[in-house]
Structures are given as structure tokens and as C-alpha cells.
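The values are calculated or read from the model by the stated rules, or taken from the named source; none is laboratory data. Note that the structure is a prediction, hence the values are computed from the model and not measured. A quick note on method: Cβ atoms are made from the backbone with ideal geometry, for glycine too, and the neighbour counts reach across all protein chains shown. Calculation scope for accessible area: heavy atoms of the full protein, side chains included, ligands and nucleic acids excluded. Shrake-Rupley method; radii C 1.70, N 1.55, O 1.52, S 1.80 Å.
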Amino acid sequence: MREIVFDTETTGLDPASGHRIVEIGCIEILNSIPTGQTFHFYLDPERDMPEEAFRVHGISAESLIGKPKFAEIAEKFLVFVGDAMLVAHNAEFDLRFVNAELAMLGRPPLGLERIVDTLALARRRHPGSPASLDALCQRYGIDASRRTKHGALLDAELLAEIYAELTGGRQTSLLLQTAAVSAQRAAAVRPVRPSPLAPLIAATEWAAHATFVATLGDKAIWRRYLPKSGEA
């Protein structure tokens, strides 16, 4: 099944207050395994960057000068996601911002029925435990050392690994890989006999067997295994 794991960075917490997306990162996965296909853009929000937001993701207004506006990448984004399910952490936040951007362009919103919220999944699987991205990376032994600040593409990459753990996809892929490797190793070490071994059954035993098979009729399957002349 094709799914898109995605994340956004923004100028604030509420698009209704005029806040915009400044980074969007998407990872394509098939059956919980990343395909290597990504979608990633820094975006000109057409407004200032509040200090509170800058402290979270480290993206300055100056660094976004000359970057495309969401309107310029909207079509590419919609083509990339297609009709796939969309996976996000605290998905309601990211979905509100994406739909606000699409609404400004007169585009229909992405439906809630397409959303998988890994925050909700984590809370159901580990009730009472921390469910932040950092906490889940620590729980599942995922290296998050690069995550000194929030970043949409990096967070989507980490979330893809977390999602595989939450849904059992990683264990399934590991089992399949292990089975494949075992089969390859068995084939590599299995000796090939250059010629078959000579029969070890005595001639009297063959004769007794043939006499018994004769009593089973002409269509008895055992007739196929009687020795040819000179083999006994």
C-alpha cells in the first residue's frame, strides 16, 4: 500500500491568524518501506518570521528570500501525494495548514478520511507514556541525533521509521529479509553431487519388491520405481 509520511514547519500555530507553511517534507512508503521518493521545499511565507517559530525550527525570514511560494508548488505536491493515505504526527496541525494553503488557491481540501495520525496511534499503543517524536525515537532505538531543531523532511524520515514500528511493518520486513537470507545461505552451502549414488539394496530385495508390486496391478505407481535391467 502506498502512503505518504509528511511534516510541515510554519510561522506559528494557527493558519486562521495568518500563519503560513515555510517548509514541507514528504516521504513515499510502500508497505511501510521508504521507496526513496521524496518531496521537499522551503517556502516563502509572504510574511515575517516570529521569533518563537524561529527558535523551534531555525528557519529565518532571510533564508526564505527567493524560495517558491506555496502556490508555485501546490500542483507538484498534489501530484506527489496522489490518492495515497497521509501519515503525520499530530496530523490535525499539519492538515489545517495544508488545507488553509489550498483554500487560498481555491483548491479542495484534503479529507480527514485520508489521514493517519501517529500521535493517536502511539497513545493507543503506549497509554500514559510520552508520545512526542523524540520520545518515540528513544523508545524504538531510532537515531535522532541529527534533530537539533525541527525540520520537515528530517522529521518525516524519522516518522516513517516510527510508523513502521507502530504498525509492525519493520518486523514484517525483517522477517522476510531473514527468510530470504536463510534461503540464499542454504543454497550456497548445499553440496551438489556430481553423480547419483549406486543402489545399496541387494538383488534379492529388489526381486521380492518386484514380486509384491506385481500383485498391485498394471497401474500401480510403484512400477515406476522398479529397477531397470542391469541396475539391481
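Restricting the search to the stretch 137-157, which residues are touching a His at 6+ places or on another chain (Cβ under 9 Å), within 16 Å of residue 7 (Cα to Cα) and in a helix (DSSP H, G or I)?
152, 153, 155, 156
Got a sec? Which of 54, 70 is of a type outside the set (D, E, K, R), farther than 18 Å from residue 105 by Cα and either free of Cβ contacts under 8 Å to residues at least 24 places away in the same chain or surrounded by 19 or more Cβ atoms within 10 Å (Cβ to Cβ) (or both)?
Criteria check complete, one pass: 54.
Pairs needed: first member in the stretch 89-111, more than 14 Å from residue 24 (Cβ to Cβ); second member anywhere, part of a loop (DSSP other than H, G, I, E, B) and modelled with pLDDT of 95 or more; C-beta distance under 7 Å; at least 6 residues apart or different chains.
Hits for this filter: 103/109.
Whether any residue in the stretch 42-65 is assigned to a helix (DSSP H, G or I) and either hydroxyl-bearing (Ser, Thr, Tyr) or under 19 Å from the mean Cα position of the chain (by Cα) (or both) is what I want to check.
yes
Inside the stretch 73-88, can you point out the residues that are part of a helix (DSSP H, G or I) and either open to solvent by less than 10 Å² (accessible area, probe 1.4 Å) or more than 30 Å from residue 31 (Cβ to Cβ) (or both)? Lay out the reasoning, then the answer.
If we filter the stretch 73-88 for residues that are part of a helix (DSSP H, G or I), which is where we start, we get 73-81.
If the condition is that a residue be part of a helix (DSSP H, G or I) and either open to solvent by less than 10 Å² (accessible area, probe 1.4 Å) or more than 30 Å from residue 31 (Cβ to Cβ) (or both), then 73, 74, 77, 81 are the ones that fit.
Going through 127, 199, 191 one at a time, which residue ends up being surrounded by fewer than 13 Cβ atoms within 10 Å (Cβ to Cβ) and at pLDDT 95 or above? Before the answer, list the steps.
Values: 199 fails: at pLDDT 95 or above; 191 fails: at pLDDT 95 or above.
Going through 127, 199, 191 in turn, the sole match is 127.
Looking only at the stretch 104-151, count how many residues are of a type in the set (Val, Ile, Thr) and within 20 Å of residue 15 (Cβ to Cβ).
Number of matching residues: 1.
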